[in-house]
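Please read the structure below before turning to the comments.
The values are calculated or read from the model by the stated rules, or taken from the named source; none is laboratory data. Bear in mind that the values here come from a model prediction, so they are computed numbers and not experimental data. Virtual Cβ from ideal backbone geometry, glycine too; neighbours counted across all protein chains shown. These accessible areas exclude ligands, DNA and RNA; they are computed on the full protein's heavy atoms, side chains included. Shrake-Rupley method; radii C 1.70, N 1.55, O 1.52, S 1.80 Å.
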Amino acid sequence: MRVINHLADFSSLGGVQSYIYGLCNKFPENYCIYNSGSEVLDIYRNKSIEYKKLFSFKFFFNRTREIFIVHNLILSKKWILIYFLLRIKGCEVIYHEHGSAWSNPQKNKDRYNKRIIKYKKIIVNSDATKYLLNNFYKVDTNLKVLRSPIFIYEEILNNKKISVDRKVDKTKKDKLIIGYIGRLAFHKNPSFLIALALQLKEKYEEKVELHFVGSGPERNNLQNLCKEKNIDSIFWGRVKDRREGLSKWKYCIVPSIREPLGLIPGEMAIQNILTFSSKVDGLRELYPIDCNYLLIDMKKNKKSDNSNIQFLPKYNDFGYNYYPNVSQCVEKIINLNKNHDKYIELLIKHRNFIKKNFDISKHSEELREFVFKS
């Protein structure tokens, strides 16, 4: 069976890295990992996963013409070197766009266009990203939408399935625990949870505790704001196993103002945590139509000056300076707190949708069919 090589930067953990790790762990005979960086995270030192260095004498003198899928490196400083090295080696190269195209498109448009036209086959992670490449970058080459599979990477790392059964009958208790998981960065909009907690506290006298799992440049600001507003909070930082941190959550919130696809809503659904997400970019694609209640409408903020482009599914068009509506999310949470049956119904529908449509085996089959048959 022909091997497909995945090339990415494995010096930091993210959706791209966990996706490729899961794929290679599940099907080690079908895929191989190449690291473009000089460092690699400890999880990739697992003996069951062999990773290789692209910039090595061994690769340069290997005469085999191979297939490479390059992930999210098109705007990196190493791109020119990577492109010419693979070209000199006579490799077939496919580009997989996860999120680079969304990073300041106005500034990077010309450079991105000059580089992307060199690829005959391109994989995109969502319909929203395809729309961006077609309508903003004017890319008209062979584009294939392949949404990343959803799985619990802790189970893959431990090489065994750990039960995530949890009682979802979270009726009125001392505190309403709401969680956030991901990078603590501006475009992920974690401060949304603080505004949410304030409204729940002031308008409905709810006792709210916020849990933040992840690290990033906004951590200190968030901690200070929670202290200033007298909001109970726990900052877990980066953890090896996220399940302990989220075991008591009633809701998870994904309040991004920019998210090409976003895997957290799917990961949370599999672990029986009801998750609200911004109705922006590719996040809409993580939910079935009958779970539209879990999507937070985007509202224009006239005071904002964020030039980054957004895709608004409601209008099927691009926009700027839209943020998820805090008040709407508050009302939805209050309604669900009073209607446990609806809570369970939405959770089951979302979980079943994710398991059916984001299966890693199905993804692998579609990936290989696109690479070898299209």
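Within the stretch 208-229, track down each residue that is in contact with a Lys or Arg (Cβ under 6 Å, 6 or more places away or on another chain), farther than 19 Å from Leu198 by Cβ and not polar (S, T, N, Q).
If the condition is that a residue be in contact with a Lys or Arg (Cβ under 6 Å, 6 or more places away or on another chain), farther than 19 Å from Leu198 by Cβ and not polar (S, T, N, Q), then Val213, Gly214, Gly216 are the ones that fit.
Here are some residues: Phe353, Phe311. Which one is surrounded by 14 or more Cβ atoms within 10 Å (Cβ to Cβ), under 21 Å from the mean Cα position of the chain (by Cα) and in a strand (DSSP E or B)? Give the derivation first.
Numbers: Phe353 fails: in a strand (DSSP E or B).
The match here is Phe311.
Being out of contact with any Asp or Glu (no Cβ under 8 Å at 6 or more places or on another chain), surrounded by fewer than 17 Cβ atoms within 10 Å (Cβ to Cβ) and free of Cβ contacts under 8 Å to residues at least 60 places away in the same chain is the requirement here; does Asp297 meet it?
So Asp297 fits the description; yes.
Quick check on the stretch 136-150. Is at least one of its residues within 25 Å of Cys329 (Cα to Cα), modelled with pLDDT of 95 or more and not in a helix (DSSP H, G or I)?
no
Looking only at the stretch 86-122, count how many residues are touching a residue at least 12 places away in the same chain (Cβ under 8 Å) and either more than 28 Å from Phe186 (Cα to Cα) or open to solvent by 40 Å² or more (accessible area, probe 1.4 Å) (or both).
Qualifying residue count for the region: 18.
Being in a strand (DSSP E or B) and in contact with a helix residue (DSSP H, G or I) (Cβ under 6 Å, 6 or more places away or on another chain) is the filter; apply it to the stretch 213-234 and report the residue that is farthest from Asn189 (Cα to Cα).
Among them, the one singled out is Ser233.
Please find, within the stretch 174-221, the residue that is surrounded by the fewest Cβ atoms within 10 Å (Cβ to Cβ) out of those that are among the aliphatic types (A, V, I, L, M) and within 15 Å of the chain's Cα centre (by Cα).
My answer is Ala185.
Restricting to the stretch 99-117, and then to whatever is small (Gly, Ala, Ser) and in a loop (DSSP other than H, G, I, E, B), can you tell me which residue is modelled with the lowest pLDDT?
For the stretch 99-117, the residue satisfying everything is Ser103.
Which condition from (1) open to solvent by less than 30 Å² (accessible area, probe 1.4 Å); (2) farther than 29 Å from Arg147 by Cβ is the one that Ser277 breaks?
Failed condition: (2).
Which of the residues spanning the stretch 262-274 are open to solvent by less than 10 Å² (accessible area, probe 1.4 Å) and in a loop (DSSP other than H, G, I, E, B)?
Answer for the stretch 262-274, where residues must be open to solvent by less than 10 Å² (accessible area, probe 1.4 Å) and in a loop (DSSP other than H, G, I, E, B): Gln271, Ile273.
Among the residues of the stretch 249-261, are any over 18 Å from Lys130 (Cβ atoms), at pLDDT 95 or above and either of a type in the set (Gly, Ala, Ser) or part of a helix (DSSP H, G or I) (or both)?
yes
What residue, among those in the stretch 329-341 that are touching a residue at least 24 places away in the same chain (Cβ under 8 Å) and either open to solvent by 50 Å² or more (accessible area, probe 1.4 Å) or out of contact with any strand residue (DSSP E or B) (no Cβ under 6 Å at 6 or more places or on another chain) (or both), is farthest from Gln106 (Cα to Cα)?
Out of the qualifying residues, it is His340.
If you scan the stretch 222-251, which residues turn out to be among the small types (Gly, Ala, Ser) and either open to solvent by less than 30 Å² (accessible area, probe 1.4 Å) or touching a Leu at 6+ places or on another chain (Cβ under 6 Å) (or both)?
Ser233, Gly237, Gly245
I'm told Phe372 meets every condition in (1) farther than 17 Å from Asn125 by Cα; (2) assigned to a helix (DSSP H, G or I); (3) open to solvent by less than 30 Å² (accessible area, probe 1.4 Å); (4) of a type outside the set (Asp, Glu) except one. Can you identify the failing condition by its number?
(3)
If I ask for residues that are open to solvent by less than 10 Å² (accessible area, probe 1.4 Å) and of a type outside the set (Phe, Trp, Tyr), which ones from the stretch 1-26 would you list? Lay out the reasoning, then the answer.
Filtering the stretch 1-26 down to residues open to solvent by less than 10 Å² (accessible area, probe 1.4 Å) leaves 4-8, 10, 19-24.
Within the stretch 1-26, Ile4, Asn5, His6, Leu7, Ala8, Ile20, Gly22, Leu23, Cys24 qualify.
Which condition number does Leu346 fail, the rest of (1) in contact with a Cys (Cβ under 9 Å, 6 or more places away or on another chain); (2) open to solvent by 40 Å² or more (accessible area, probe 1.4 Å) being met?
(2)
Checking the structure you have, find out if any residue of the stretch 247-255 is within 27 Å of Gln328 (Cβ to Cβ) and small (Gly, Ala, Ser). Steps first, please.
If we filter the stretch 247-255 for residues that are within 27 Å of Gln328 (Cβ to Cβ), which is where we start, we get 248-255.
Subsequent filtering for residues that are small (Gly, Ala, Ser) retains none.
No.
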